[in-house]
Structures are given as structure tokens and as C-alpha cells.
């Protein structure tokens, strides 16, 4: 990788998409559930219907876009950086959809549900198109582990900067209480994010980009983009044991990460009194949940080189489980400890998820070697992974909202009714139990799944 004044230019180009997408994604997933539940007053039925539609689209679009990007001859698809360049402006526009209501909504009307469906599906569609190309670029910029660690390092710096959008947004809008300021900030964020991603679109070059598109006999049927070729290639990817183990573990990781992003602010608002934790402290706490994961990965770069991502990820699962047990034993009445737990749990979840491009890149390499391909199926591997893991993004809010509404959260968040004070105790207990039980159960399952994963030594092998 070329260096200029000690700066890795290809890594900078790659990480600019992380900076742009990170700023938008953090704000989108952190605030959209609270926005539609508490401000727009969407009904529980409409919320679940929107999540089901989103879950179906979320699962379909990843392998579809992955196959198109790996095999299309259209200019905006057949080069990774072109997909990012042309997709970035549309991605930024899609980010703005939730924050501007189509009319003055009355509680529970059907148009709110349609708004949520459109916002989720369009945003995720453009996110998938752009970030699949970036994920493929990660695997294709270099096959050397050392170079990939450099990409991770620069990527974490960009992610660190991007995650600050939560902190800034919270301070500017008083955690979305000043909605006009919130809307202005999202407009500014969309413009800056699009510019960052376009930088990758111009300068992010894959090592395969200058090679002619040629396909081996196992991919001879790909040119017509037929369903038969999609199924054939997907079947080949799914025959890898390590891929199945990774996808299974990643499903629970996506569920856990979505749980943290969507409900950390709701749990903190309800479990921690406002006089115990001022608004500006809460903004810092929410910002830390997105900023500290990148700091954690950056400070442990040596550890990744020394013992590899397999052990680092496994150790994080153990820490998450132990933390959850200790928090449950301590109880919800210690507000500062609870605030630290909610933040630390989110930090660990996002930190470990930041490393997942490393195992996926190794799986791309294994698939390339096993089937003697002339070019890797990077987008398809990342897309097939998303096919099985993205539904967790819908299942997490659906499950948690259903549980919370059983304890009266829908009445608590309504301005039209005065909630029964007796509901508070049961609701708060349910929130605290979810905050402890979900990380504990997921950590236990992930340890069981991740332990047999066998690609463990890529950090000590110099690929060529």
C-alpha cells in the first residue's frame, strides 16, 4: 500500500466511506425507534408490520446487490468504487427520510406506518449498495493480513470520528428534544457524509480493478445473472463450515447491537432519574457508546496482531457475560453503575463487530482458493452473510417493544393518557431484566458457536 508522508493513502480512501456512513448510521439507528414511538406515536401493530416488511427486504437486498456487483457489466456496479461514488448521494438522501414527517400526524394513523416502511427500506437499500461495495473493497485491496490490519486501524479512526455525530447531535438537539435543531443537524450531516463517501468513489482502487473481467468454468453461467447461477454460487459459499459458524454467531451479534442502539436511550431515560444524570451527561454517555468502541479497537491493535481476532472476539463474549451477571446482582438502584454498564455493554458489542471484516475476508480467501476462482466473490460472501444476519435488525425491536408494551410502555409514552403509577415498577423491572438478560444469553450462545471456528492463524501467516 502506497504511503505519502507516513499516511496510507489507499487506507484513507477506504476509510472515508466509513466516516460518512458511520455519521449517518449512528444517528439513524439510535433515534429512529424513539422518534416513531414517542414523537410520531406509531401503533404497535403498524410498528411490527413495518419491521416485518423491513426484515424481508433487508434479507433479500444484500445477496441480490452482492450478486449484481460481482457480476454486472454496468459501470455503476462492476467497480467497487463506482458503486460507492454513484450510491453515496442517494444514500445521504435516504438518511433524511425519517426526520421530516409527511404531515402533522395524529397518534396511530396508518400513514406513520407507511413512512416507517419507506424510511427503513430505502435507507437500508442504499446502505447495502454502498457498504457491500466497501466491504468487498476491504477484501480486494490486499490479501496480506498486515495490510488488512492497517485498513482496520484507519477504519477505526474514521469510525471514531463518525461516531461523534451522536454526541454532537445530542448536545445540539438536547437528545432530540429540540426537534428543529435536530432536523437542521441531519441536513448538514447528510451533505458532509455524501462528500466523504464520494472521496472513496474517486480514490478507492481495488487490486482487481485493472484486471479484465474473466470467469472460470464454474462461473460460466454468471453472465446472464440467472437465478441458477445465484443458487450455485450461494450453495458453494454455504458449504464452508467456517462461514456457517460465523454467520450464526453474527446473527446474535447483529441482534445484540441493534438492541443496544435502539433501546439504550429508552432504558437510560426510564431507569435513571433526570436529577441523577443531567442531560449533557447523558449526551456524553450516548456518545461514548459509539465513540469508545473505536478507541478500544485502536488501543488493542497490537493484541490483534499478536493473538488474532478469533481470541479477541471470544474474550469479549466472556466479558459481556460476566458484566451482565454482576450488574444483575448489583441491582438497578445504583444509577451510576447502571449507566456505566449500559455504556460498556454497547462499547464491547460495537468493538467486536468492528472486527468482523477480518473473518469475512479470510472466508473470501478460503472460497477463492477452494474453487480456484480468478477473482473473489467478495460482495456475494458479504451479501450472503447479510441474508442470514440482517433479519435480526427487525427481530430485536419487534421483540423488545412487544415485551415492554406488555408492561405498559405504550401507555407511558402516550401524551393523551395519564399512565397508572403502578405500571412504573413492573415496566422498570422489565427494562432492567432485559438490559441484563439479553447480553448474558447472547454471550453464552455466541461462545458456544464461535469456539469451533477454525481460521485462527491468519494473523501469523503472510498471504501473498
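Which shape class applies to the range 77-177: rounded if a/c is under 1.5, otherwise prolate when a/b exceeds b/c and oblate if not, where a ≥ b ≥ c are the square roots of the Cα gyration tensor eigenvalues? Don't skip to the answer; put the middle values down first.
Details: a/c = 3.48, a/b = 1.71, b/c = 2.03.
Oblate, because a/c is 1.5 or more while a/b does not exceed b/c.
Roughly speaking, what is the stretch gain from residue 276 to residue 188, that is 0.36 nm per residue apart minus the C-alpha to C-alpha distance, in nm to one decimal? Numbers along the way, then the final one.
Details: separation 88, 0.36 × 88 = 31.68 nm, distance 3.25 nm.
Here the segment from residue 276 to residue 188 would lengthen by 28.4 nm.
Sort 295-304, 385-394, 429-438, 11-20 for me by packing, meaning the mean count of neighbouring Cβ atoms within 10 Å per residue, highest on top. Intermediate values should be presented prior to the final figure.
Details: 295-304: 15.8, 385-394: 22.8, 429-438: 18.2, 11-20: 26.1.
Result, highest mean Cβ count within 10 Å first: 11-20, 385-394, 429-438, 295-304.
Give me the distance in nm between label points sitting 7 Å out from Cα along the Cα-to-Cβ direction at residue 232 and residue 195, one decimal.
Placing both labels 7 Å along Cα→Cβ, they lie 4.7 nm apart.
Mind giving me the FRET efficiency for residue 104 and residue 402? R0 is 35 Å, r the Cβ-Cβ distance, nearest 0.05 is fine. Walk me through the numbers on the way to the answer.
Values: r = 28 Å, r/R0 = 0.80.
Efficiency, from the Cβ-Cβ distance: 0.80.
Starting from the Kirkwood Rh over alpha-carbon pairs, what translational D in µm² s⁻¹ does the range 158-207 have by Stokes-Einstein at 25 °C and 0.890 mPa s?
Working: Rh = 12.2 Å.
In µm²/s, the coefficient rounds to 201.
Could I have the simple spin-label model distance between residue 441 and residue 111, label points 7 Å from Cα toward Cβ, reported in nm to one decimal?
Result for the modelled spin labels: 3.8 nm.
Work out, step by step, the length gained on full extension between residue 147 and residue 369: first 0.36 nm times the residue separation, then minus their alpha carbon distance; give nm to one decimal. Please list the in-between numbers first.
Values: separation 222, 0.36 × 222 = 79.92 nm, distance 1.93 nm.
Extra length from residue 147 to residue 369 when fully extended: 78.0 nm.
Over what distance in Å are the Cα centres of the range 254-270 and the range 44-68 separated?
So the two Cα centres are separated by 20 Å.
Which whole-angstrom value gives the distance between the alpha carbon centres of the range 322-339 and the range 376-402?
Rounded to whole Å, the Cα centres lie 30 Å apart.
Extension gain residue 337-residue 93, at 0.36 nm per residue separation less the Cα-Cα distance, in nm? If you can, show how the numbers build up before the last one.
On the way: separation 244, 0.36 × 244 = 87.84 nm, distance 3.92 nm.
Fully extending the segment from residue 337 to residue 93 adds 83.9 nm.
Residue 239 versus residue 315, label points 7 Å from Cα toward the beta carbon: distance in nm?
3.7 nm
Can you put 174, 365 in order of Cβ neighbours within 10 angstrom, beginning with the fewest? Intermediate values should be presented prior to the final figure.
On the way: 174 15, 365 19.
Result, fewest neighbours first: 174, 365.
How many angstrom lie between the Cα centre of the range 93-166 and the Cα centre of the range 13-41?
Cα centres, the range 93-166 to the range 13-41: 7 Å.
Using only the alpha-carbon atoms of the range 78-136, report the extent along each of the three principal axes, biggest first, to the nearest angstrom.
Each principal axis gives a Cα extent; for the range 78-136 these are 45, 15, 13 Å.
Okay, helix-only estimate at 222 nm for the chain: each DSSP H run of n ≥ 4 adds -39500 (n - 2.57), divide by all residues, round to 500 deg cm²/dmol; what do you get?
Working: 17 runs with 347 residues, N = 464.
Value at 222 nm, helices only, nearest 500: -26000 deg cm²/dmol.
Could you order the peptides 123-133, 109-119 from most to least packed, using the average number of other C-beta atoms within 10 Å per residue?
Numbers: 123-133: 24.1, 109-119: 18.8.
The packing order, highest mean first, is 123-133, 109-119.
Taken together, the values in this text are just the output of simple stated rules run on the coordinates, not laboratory data. Keep in mind it's a predicted model, so treat the numbers as computed, not measured. Because the Cβ atoms are built from the backbone with ideal geometry, glycine has one as well, and the counts that use them run over all protein chains shown.
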